[in-house]
Amino acid sequence: MAQEVRGVIAPGKDQPVRIETIVVPDPGPGEALVRIQACGVCHTDLHYKQGGISDDFPFLLGHEAAGVVESVGDGVTDVAPGDFVILNWRAVCGQCRACLRGRPWYCFNTHNAKQKMTLTDGTELSPALGIGAFAEKTLVAAGQCTKVDPSVSPQVAGLLGCGVMAGIGAAINTGNVGRGDSVAVIGCGGVGDAAVAGSFLAGAAKIIAVDIDDRKLDTARELGATHTVNSRQKDPVEAIRELTGGFGADVVIEAVGRPETYQQAFYARDLAGTVVLVGVPTPEMKLELPLLDVFGRGGALKSSWYGDCLPSRDFPMLIDLHLQGRLPLEKFVTETIQLDEVEKAFERMHHGDVLRSVVVL
């Protein structure tokens, strides 16, 4: 029998979000019903609200979440009722050319729940990133549920569902940061700070955090940055080179998603170094680089989508590291809030006042 729960929807472009009654169907084949315990407020949710991703309003917002499986549909074997899970927005298919080549983090056929959640009048909702977790319960594809150690706090576990995983993965999976490397991270919001934490976890010898906000640079130091650069006060390319013996960093992670900061990352890397783009650009942005510089500097220019993560591999490992005290996920949580405070959380995010607001249910 379908259930009625409270959820936060974005009714139209740039309109304030509001709480509505959401109708959630029982899980069908391959689906799972999850009782949400915590969900981070991510920039992607704000992009949905602003109409920057699609115009399929109304959206059921929220995707960076953790909770407990309440029931599953036919054919589900990987999770069971009572399992504590982190939700992910890339449920791999196991059958596409990427999966069959042993690279499931590049899966070309990720999937979501087939049934739609609705408003009480029958209006179909578009769940953010196929999840829709600013709700007491949500319906997802069972492959979007990754079982982890239930002793972890839901407030920190859910962060791996998007931003923190994107940043850590950009460093460890995409950038292949290793022991003794020098790393620069341009942009120290949630994703950039997670890239700092990931670089520290990987054993980087020098981690240079770059931002225009000293508050964010202070947080980056808490997460492992050895040096900080305020790019309002000093050219970041020159500063990074000075801090790396004049050469540039082995890996530069661009966590802003703008052409000008990408160019800074390109020229701030060492010869044969790696640039990782994890900041999300908008469709109209263009990049211009001298092709001779691309050729002559060598190395690798990579993009990192969801930190090139494989949730079944990465989520349990990172939760274990957190429980061992080696990955301070709790430092990403600025505040915990209720469902009816999401609109205010968007405002605080816009002003750079929080690293992460987390809705607790």
Net charge near Ala205 (other residues with Cβ under 14 Å of its Cβ; Lys, Arg +1; Asp, Glu -1) is -1
Full extension between Glu330 and Thr21 adds, at 0.36 nm per residue less the Cα distance, a length in nm of 108.1 nm
Per the stretch 274-361, sqrt(5λ) over the Cα gyration tensor eigenvalues, sorted largest first, in Å, gives 33, 22, 11
A 1.4 Å probe over the protein heavy atoms gives the chain a carbon and sulfur accessible-area percentage of 49 percent
Rh (Kirkwood, all Cα-Cα pairs) for the stretch 200-279, Å, reads 12.6 Å
Taking 60-67, 92-99 and ranking on average Cβ neighbours within 10 Å, highest first, one gets 60-67, 92-99
Placing one equal point scatterer on each C-alpha of the chain and summing with Debye, one gets log10 I(q)/I(0) at q = 0.07 Å⁻¹ equal to -0.29
So, with points 7 Å from each Cα along the Cβ direction, the Ala80-Asp340 label distance in nm works out to 4.0 nm
Here the Cα Rg-to-2.2 N^0.38 Å ratio for the stretch 19-70 is 1.30
Zone reached by a paramagnetic label modelled 7 Å from Val360 Cα along Cα→Cβ, restricted to the stretch 305-333 with backbone N below 15 Å, covers 330-333
Note on the stretch 146-233: the mean projected area of its alpha-carbon convex hull, in nm², is 6.0 nm²
From the cross-link list Lys114/Lys286; Lys147/Lys206; Lys147/Lys331; Lys116/Lys302; Lys13/Lys286; Lys286/Lys331, the entries with a Cα-Cα span beyond 31 Å are Lys114/Lys286; Lys147/Lys206; Lys116/Lys302; Lys286/Lys331
Two pseudo-spin positions, 7 Å from Cα along C-beta at Leu271 and at Ala98, lie apart in nanometres by 3.4 nm
Residue span Ser54 to Arg258: 0.36 nm per residue of separation minus Cα-Cα distance leaves a gain in nm of 71.4 nm
To the nearest Å², the heavy-atom accessible area per residue of the stretch 1-124 with 1.4 Å probe amounts to 47 Å²
Projected area averaged over all directions for the convex hull of the alpha carbon atoms of the stretch 154-299, nm², comes out at 8.6 nm²
Net charge near Leu160 (other residues with Cβ under 11 Å of its Cβ; Lys, Arg +1; Asp, Glu -1) is -2
For Glu136, other-chain or 5+-apart residues with amide H closer than 5 Å (H placed, Pro excluded) are Arg6
The correct ranking of Glu238, Glu254, Glu20, Glu4 by accessible area at 1.4 Å, largest first, is Glu4, Glu238, Glu20, Glu254
Heavy-atom accessible area with a 1.4 angstrom probe orders Trp105, Trp305, Trp89, most exposed first, as Trp305, Trp105, Trp89
For His47 the rounded accessible area (nearest 10 Å², probe 1.4 Å, non-protein molecules ignored) is 80 Å²
Net charge near Asn230 (other residues with Cβ under 12 Å of its Cβ; Lys, Arg +1; Asp, Glu -1) is -1
Judged on accessible area alone, 1.4 Å probe, highest first, Met285, Met349 line up as Met285, Met349
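The values are calculated or read from the model by the stated rules, or taken from the named source; none is laboratory data. Because the structure is predicted, anything quoted here is derived from the model rather than measured. Virtual Cβ from ideal backbone geometry, glycine too; neighbours counted across all protein chains shown. What goes into the accessible areas is simple: the full protein's heavy atoms, side chains included, and nothing from ligands, DNA or RNA. Shrake-Rupley method; radii C 1.70, N 1.55, O 1.52, S 1.80 Å.
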